[in-house]
Amino acid sequence: MRYVGIAAYSGKPPARLVEAAREFIKLLSNRVNPREVTIVVGGYWGLMRVIVDEALTCGFNVLVIPPLEQERVKFPEGAIVVRTGTSFRVRSVFLVRSSEVLVVMSGGAGSMQEAVTAYTEGVPTVLLRGFDMPSDKLAALAPYLDERRLAEVKVVRNPEDAVNYVVSVLSGRVRWA
């Protein structure tokens, strides 16, 4: 089983970001065997809901790690939900550490924190930017967040390039610490 983490906006996402997220999942399902890949997210609201629903429709395994404050949300049938009893920030560490690659599908401070956590944990990250979200600011730091060069932060502007990067990580063409 392979694990693809997705950091995504928790608020009401703009329509073009919703379409980009759906396109990413559909394209990924055409490049990998969805039954061999688990999509890992940190909840079931905002853009994460779109990603979970699309991933389940495309046949992916879905792992949801909600924070304590959101553990009582009604989750879709078919999703595996791990209720850790932890805060938003701590559950983000579980999300990242469970993933072989992190896709930052635009977002705010939570997505940015997950990107920084991925970097410090050596998890390759792809940032889909261009949706006027706070996470776009991470592009200024790419391809490495500091001099340690712990993991690549690849910046892309379309879902197809994000899928190409994820597939390159899963196939071993990009180093995973």
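A few notes on this one:
- Residues located in segment 55-66, provided they are part of a helix (DSSP H, G or I) and out of contact with any strand residue (DSSP E or B) (no Cβ under 9 Å at 6 or more places or on another chain): T57
- Across segment 28-52, the number of residues qualifying as within 17 Å of A7 (Cβ to Cβ) and part of a helix (DSSP H, G or I) comes to 7.
- Total residues in segment 116-160, condition within 27 Å of E19 (Cβ to Cβ) and among the polar types (S, T, N, Q): 3
- Residue ID - nearest to R149 (Cα to Cα), chosen from residues in segment 109-131 that are hydroxyl-bearing (S, T, Y) and surrounded by 18 or more Cβ atoms within 10 Å (Cβ to Cβ): Y119
- Total residues in segment 96-108, condition crowded, with 24+ Cβ neighbours inside 10 Å and either small (G, A, S) or farther than 20 Å from V156 by Cα (or both): 3
- Flag for G122 being within 26 Å of R31 (Cα to Cα), out of contact with any strand residue (DSSP E or B) (no Cβ under 8 Å at 6 or more places or on another chain) and at pLDDT below 95: no
- Of the listed requirements (1) part of a loop (DSSP other than H, G, I, E, B); (2) out of contact with any Ser or Thr (no Cβ under 7 Å at 6 or more places or on another chain); (3) within 17 Å of F24 (Cα to Cα), V73 misses just one: (3).
- For beta carbons closer than 9 Å, sequence separation of 6+ or different chains, a first residue in segment 62-77 that is farther than 19 Å from G110 by Cβ and a second that is at pLDDT 95 or above and exposed (fewer than 14 other Cβ atoms within 10 Å of the Cβ), there are no qualifying pairs.
- Going through (1) farther than 19 Å from G110 by Cα; (2) without any contact (Cβ under 8 Å) to a residue 40 or more places away in the chain; (3) crowded, with 16+ Cβ neighbours inside 10 Å; (4) of a type in the set (G, A, S) one by one, G43 falls short only on (1).
The values are calculated or read from the model by the stated rules, or taken from the named source; none is laboratory data. Model, not experiment: these values are computed from the prediction. Quick reminder, even Gly has a Cβ in these numbers, built from the backbone with ideal geometry, and neighbours come from all protein chains shown.
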